[in-house]
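Okay, so here's the structure we're looking at.
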Amino acid sequence: KYRVVYTTQTLSDYEVDHLHDEEANRIGALIMHLAAAEVFYQIFTFEGRSEFNAEEKEKWEAALDLGSEAREKFKGKSISYYLDIYDEVRAKTIAELEKRDDDWFKEIQPAYNWANQYCWFHVMEHQSSHLGQILFLKKRIPPEGEITLSDKIKD
């Protein structure tokens, strides 16, 4: 998570909202996606539920799925908006993990027959993968003022 924060914390609103192409995701949406995936694994491993409830679905589903809905929903906000949400999610993860011992990681979640260790390894692996996307996108942001695909899509 530190590398995601370090890589994005100084981005301008323009950079956060940049859309590389019509199938890409904005950096803010990717951070929301990381938070949403982590929330899913929180409820899955800490609560034993395999689906979001209605309130969680409303808040997290577009971020988890990404795609066109996320492209529309996650724009117009500063990087601090996204990072604050991600910080809040991670704080809950840490607080919950502190309540558990090493044996808990061996426990199997019956809904998918996955060990808790596998689930949390996946969260970290998932984060690393999307960090690569964020780095790719960040390097390809054109200077502000240049006509971009984001501008063309708005028109």
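The values are calculated or read from the model by the stated rules, or taken from the named source; none is laboratory data. Because the structure is predicted, anything quoted here is derived from the model rather than measured. Note that we place each Cβ from the backbone using ideal geometry, even for glycine, and neighbour counts take in every protein chain shown. Protein only, heavy atoms only, side chains kept; ligands, DNA and RNA dropped before computing areas. Shrake-Rupley method; radii C 1.70, N 1.55, O 1.52, S 1.80 Å.
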Quiz item: Which condition number in (1) free of Cβ contacts under 8 Å to residues at least 12 places away in the same chain; (2) among the basic types (Lys, Arg); (3) open to solvent by less than 30 Å² (accessible area, probe 1.4 Å) is the one that residue 26 fails?
Solution: (1)
Quiz item: Can you tell me which residues in the stretch 68-78 are part of a helix (DSSP H, G or I) and buried (at least 18 other Cβ atoms within 10 Å of the Cβ)?
Solution: 70, 71
Practice problem: State yes or no: is residue 81 under 30 Å from residue 146 (Cα atoms), surrounded by 13 or more Cβ atoms within 10 Å (Cβ to Cβ) and at pLDDT 95 or above? | Solution: yes
Practice problem: Being over 18 Å from residue 123 (Cβ atoms), surrounded by 12 or more Cβ atoms within 10 Å (Cβ to Cβ) and touching a residue at least 60 places away in the same chain (Cβ under 8 Å) narrows it down to one of 34, 11, so name that one. | Solution: 11
Quiz item: What single numbered condition from (1) within 25 Å of residue 6 (Cα to Cα); (2) touching a helix residue (DSSP H, G or I) at 6+ places or on another chain (Cβ under 9 Å); (3) in a helix (DSSP H, G or I) fails to hold for residue 124?
Solution: (2)
Self-check item: Among the candidates 65, 103, residue that is more than 16 Å from residue 5 (Cβ to Cβ), surrounded by fewer than 13 Cβ atoms within 10 Å (Cβ to Cβ) and within 13 Å of the chain's Cα centre (by Cα)
Solution: 65
Quiz item: With 115, 91, 54, 95 as the choices, which residue is free of Cβ contacts under 8 Å to residues at least 24 places away in the same chain, open to solvent by 80 Å² or more (accessible area, probe 1.4 Å) and small (Gly, Ala, Ser)?
Solution: 54
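Okay, residues lined up against (1) more than 12 Å from the chain's Cα centre (by Cα); (2) polar (S, T, N, Q):
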{"position": "1", "(1), (2)": "no, no"}
{"position": "4", "(1), (2)": "no, no"}
{"position": "11", "(1), (2)": "yes, no"}
{"position": "19", "(1), (2)": "yes, no"}
{"position": "37", "(1), (2)": "no, no"}
{"position": "42", "(1), (2)": "yes, yes"}
{"position": "54", "(1), (2)": "yes, no"}
